[in-house]
Amino acid sequence: MIALITGGTSGIGLAIAKILNQRQYEIYIVGSREEFSLEEFSNAHYFRCNLADDKEVDRLLEAFKDINIDVFIDNAGFGDIGTFLETSDQKEMQMIDVNIKAMHRTLKFFVNKMYAQGSGRILVTSSLAAFSSSGYMSTYYATKVYSLHLSLGYRRELKDKKSPVTISVLCPGPVATGFEKTANVKFSIKPVSKEKVAKVAVKKLFKGKAIIIPTFKFKFLAFMSHFSSKLLSNYIVSKTARKRRK
Ligand SMILES: NC(=O)c1ccc[n+]([C@@H]2O[C@H](COP(=O)([O-])OP(=O)(O)OC[C@H]3O[C@@H](n4cnc5c(N)ncnc54)[C@H](OP(=O)(O)O)[C@@H]3O)[C@@H](O)[C@H]2O)c1
């Protein structure tokens, strides 16, 4: 059995890759860093690919055209903090390229492949951010709405076609990973460990659960966002986001 994990070089993706490796999957890890050590894995490969670059994504999809993947973890992504006066256009465009464009292209590609092969499990890492808008991380929050909605849309289409392929969406709140450094943020609540998030994610992925919110605290925050008005949740979330600036 084969699993492909984008953003598998660090954080949540790496923790998921380790669990799948323990379950005897052959692992393909995708990341943009030059080198990645596979020492901790028994049967794994590193595929270097900058997902912000369309041509690199073409190369990735071409490489997997004839390989049947059993589990696809669409997880690579990053954030950034700051007002519209401060944030870099270049970093934001890269964020859109990775969190939306590459996420969309790879997801659609593997949905089609798994639909044709008649089996497969997909996990897309969105975020608790998908349940609200927020100032100070406006672009990041918007990208995560896109991944949640696209995944649930495809999930419905697969169900209507009676396909056994499932898509699950992982929506965690703060997790201790490289995210804080890349996004330049300091979480205002204690982050959960990546191992805990990965454990819940893999368990629920194999149950075919639609939306995976890993802890009670995150479930409560999602519930609050869902039942408050768009403007009220925007006000509350933006207030905490403002404090997250380093
Ligand atoms: N940590 C949180 O609090 C949190 C909460 C909710 C959702 N999430 C989401 O969880 C996912 C994983 O993030 P993380 O928290 O585990 O952070 P992380 O430790 O920084 O990992 C991010 C991963 O994405 C990959 N990536 C980023 N840009 C890339 C690019 N241009 N091309 C290829 N790979 C790229 C990185 O690989 P390279 O470094 O090798 O490029 C890395 O493996 C993201 O989608 C993030 O939005 C995180």
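Computed from the coordinates by the stated procedures, all read-outs in this text should not be read as laboratory data. In this text the structure is predicted, and so the values were computed from the model without any measurement. Cβ sites come from the backbone with ideal geometry, for glycine too, and all protein chains shown count toward neighbours.
Worth pointing out:
- Computed E for residue 1/residue 59 - FRET, C-beta separation, R0 25 angstrom, nearest 0.05: 0.55
- Partners of residue 18 within straight-line reach, counting lysines whose Cα lies under 23 Å from its Cα and excluding those fewer than 8 residues away in the same chain: 181, 194, 196, 199, 203, 204, 207, 209.
- Note: relative contact order over segment 56-124, using C-alpha pairs below 8 Å and six or more positions apart, is 54 percent.
- Shape class of segment 41-165 from the Cα gyration tensor (axes a ≥ b ≥ c, square roots of the eigenvalues): oblate, since a/c reaches 1.5 or more and a/b does not exceed b/c.
- Degrees between helix 216-227 axis and first principal axis of the chain (Cα, 0 to 90, nearest 10): 70
- Extension gain (nm, one decimal) between residue 196 and residue 70, 0.36 nm per residue minus Cα-Cα: 43.1 nm
- Charged-residue dipole, Cβ positions (Lys, Arg, Asp, Glu), segment 2-243 about Cα centre, Debye nearest 20: 1280
- Note on segment 169-217: Cα Rg divided by 2.2 N^0.38 Å, N the number of residues, gives 1.21.
- Segment residue 104-residue 22, length gained on full extension (0.36 nm per residue, minus Cα span): 26.7 nm
- A run of the chain free of exposed loop cleavage sites, with GluC sites (Glu not before Pro) counted only in DSSP states other than H, G, I, E and B and at most 12 other beta carbons within 10 Å, reaches its longest extent at 87-246.
- Taking Cβ atoms as reference points and 12 Å as the exclusive limit, the residues near residue 67 contribute a net charge of -2, counting Lys and Arg as +1 and Asp and Glu as -1.
- Remark on residue 45: its backbone amide H falls under 5 Å from those of 27, 28, 29, a criterion applied only to residues 5 or more positions apart or on other chains, H modelled at 1.01 Å from N.
- Cα-based Rg of segment 2-243 normalised by 2.2 N^0.38 Å, two decimals: 0.97
- Where only DSSP H runs of four or more residues are counted, the chain gives -14000 deg cm²/dmol as its mean residue ellipticity at 222 nm, each run worth -39500 (n - 2.57).
- Segment 194-211 - phi-based ³J(HN,Hα) in whole Hz, Karplus 6.51/-1.76/1.60, Gly and Pro as x: 5, 5, 5, 4, 5, 4, 5, 4, 5, 4, 6, 4, 6, 8, x, 5, 5, 10
- Residue 55 sits among other residues whose Cβ lies under 14 Å from its own Cβ, and their net charge, with Lys and Arg +1 and Asp and Glu -1, is -2.
- Axis of helix 54-63 versus longest Cα principal axis of the chain: the two differ by about 30°, to the nearest ten degrees.
- Cα-projected label distance for residue 239 with residue 43, points at 7 Å along beta-carbon direction, nm: 5.3
- Spatial separation of Cα centroids for segment 183-210 and segment 1-80, in angstrom: 18
- Per-peptide average of other Cβ atoms within 10 Å, ordering 45-51, 112-118 highest first: 45-51, 112-118
- For residue 124, the residues whose modelled amide H falls within less than 5 Å of its own, excluding neighbours fewer than 5 places apart on the same chain, are 74, 168, 169, 170.
- Mean separation of Cα contacts under 8 Å, 6 or more apart, over the residue count of segment 63-182: relative contact order %: 32
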